[in-house]
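Only one structure is covered here, and it is reproduced in the block below.
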Amino acid sequence: MRPGVLLTLILFSCLNLFADVSVGDTEASALSQLGEVKGKIVLPNKKVNYTFDRGEITVSEGKVVSAKLEPIEDYNIRKNNEKLDKKVNDWSESRKNKRAEVEKNAEGVLSGFYISRDSFTGEYTIYYPKKEAYLNPIFYYRKGGRIEAQVDGEGKITVKTYYVGSDWIFHDNFLLKINNDNNFYTSPKTIGSPHRDTVTINDEVLVYEVCFYTDKEVVDALAKVAANKEAEVMLRLAGRNYTLTMLDKYSISLIFQVSEWLKEGGNIDPEVRKIIKDKIQKLSIAE
């Protein structure tokens, strides 16, 4: 099992965190916190409706009387994802630039990943986010179910499902559903035997289970998550339902992007692929 960056480090480092806006706040305070006004409608009874990137508020006589706003954490994750998307897209177009510029952009994008190199075979495994968060057991062994992806140095993806809790559920496959689509996906059985063990967190003994999948149909199913990271994605493990977090979905999408960069015959210039592989070697950690 591999690790990743503290949520706050990866997701919020580039953002200004907003204070929350609540009913009863002054109009001036709400406007100053919510930033640029996207729209303004004067309503009956001396009410005014304002729309922002985060949602909308209605004010009356200088006070907020209703607020329909995206939760602060979700908003900050979304905005940071947009910045990361732009960074990745800008870098993908950089084949038109000088080699030095390509190298700088490649290192900037890949620095968010944890890259492990097998000291015996020399093979690479790439994870997102970085390892530091997984060194914090409270983050890594957080209760519930989740699904992740990792990629090797040739672009091959492995899918992993995790469960952490008080009791074993003995899962060996998973179901996946996007946006409440009735045509949910059911995976085949895990490769080999699931990994099961126990861990003590804050004096509480927890069990954890990990299953691995490399079947093309499993990878294709997760590719739909990568392509729809703004959608609601439900995961079922042994009859228990879990909702993927924004970090779960964005991590998956970035791993699929790196897979495209590394695959021979993929959608990237061979010279840029060589630069990426050179950077992977430089950034890797021998284990």
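The values are calculated or read from the model by the stated rules, or taken from the named source; none is laboratory data. It should be emphasised that the depicted structure is a prediction, and the values quoted were computed from it without experimental measurement. As a convention, Cβ positions derive from the backbone with ideal geometry for all residues, glycine included, and neighbour counts pool all protein chains shown. The area values use the complete protein model at the heavy-atom level, side chains included, leaving out ligands, DNA and RNA. Shrake-Rupley method; radii C 1.70, N 1.55, O 1.52, S 1.80 Å.
Rundown of residues vs (1) of a type in the set (Lys, Arg); (2) modelled with pLDDT under 90, yes/no style:
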site: Arg142; (1), (2): yes, yes
site: Ile147; (1), (2): no, no
site: Lys156; (1), (2): yes, no
site: Lys177; (1), (2): yes, no
site: Asn182; (1), (2): no, yes
site: Thr186; (1), (2): no, no
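Within the range 93-118, being open to solvent by 30 Å² or more (accessible area, probe 1.4 Å), at pLDDT below 65 and in a helix (DSSP H, G or I) holds for Arg95, Lys96. Residue count for the range 19-70 satisfying the condition of being in contact with a strand residue (DSSP E or B) (Cβ under 8 Å, 6 or more places away or on another chain), among the polar types (S, T, N, Q) and surrounded by 11 or more Cβ atoms within 10 Å (Cβ to Cβ): 7. Being over 18 Å from the mean Cα position of the chain (by Cα) and modelled with pLDDT under 90 is true for just one of Asp20, Asp74, Asp25. Which residue is that? Of Asp20, Asp74, Asp25, the one residue that is over 18 Å from the mean Cα position of the chain (by Cα) and modelled with pLDDT under 90 is Asp20.
For the range 201-213, check the following and say yes or no: at least one residue is within 21 Å of the chain's Cα centre (by Cα), of a type in the set (A, V, I, L, M) and open to solvent by less than 20 Å² (accessible area, probe 1.4 Å). Within the range 201-213, one or more residues are within 21 Å of the chain's Cα centre (by Cα), of a type in the set (A, V, I, L, M) and open to solvent by less than 20 Å² (accessible area, probe 1.4 Å). Cβ separations smaller than 8 Å between residues 6+ apart or across chains give the following pairs from the range 27-53 residues that are assigned to a loop (DSSP other than H, G, I, E, B) to residues that are open to solvent by 30 Å² or more (accessible area, probe 1.4 Å) and among the hydroxyl-bearing types (Ser, Thr, Tyr): Val37/Thr51; Lys38/Thr51. The range 171-218 holds strands (runs of 3 or more DSSP E) entirely within its bounds, and those carrying 2 or more residues that are touching an Asp or Glu at 6+ places or on another chain (Cβ under 8 Å) map to 195-201, 204-213. All conditions but one from (1) in contact (Cβ under 8 Å) with a residue 60 or more places away in the chain; (2) in a strand (DSSP E or B) apply to Ile276; the one that does not is (2).
Residues of the range 219-231 that are outside any helix (DSSP H, G or I) and in contact with a strand residue (DSSP E or B) (Cβ under 7 Å, 6 or more places away or on another chain): Asn228, Ala231.
When the range 240-271 is examined, which residues are found to be of a type in the set (Gly, Ala, Ser) and either surrounded by 21 or more Cβ atoms within 10 Å (Cβ to Cβ) or touching a residue at least 40 places away in the same chain (Cβ under 8 Å) (or both)? If the condition is that a residue be of a type in the set (Gly, Ala, Ser) and either surrounded by 21 or more Cβ atoms within 10 Å (Cβ to Cβ) or touching a residue at least 40 places away in the same chain (Cβ under 8 Å) (or both), then Ser251, Ser253, Ser259, Gly266 are the ones that fit.
The numbered conditions (1) among the charged types (D, E, K, R); (2) touching a residue at least 24 places away in the same chain (Cβ under 8 Å); (3) open to solvent by 70 Å² or more (accessible area, probe 1.4 Å); (4) more than 15 Å from Ile285 (Cβ to Cβ) are all true for Lys177 except (3).
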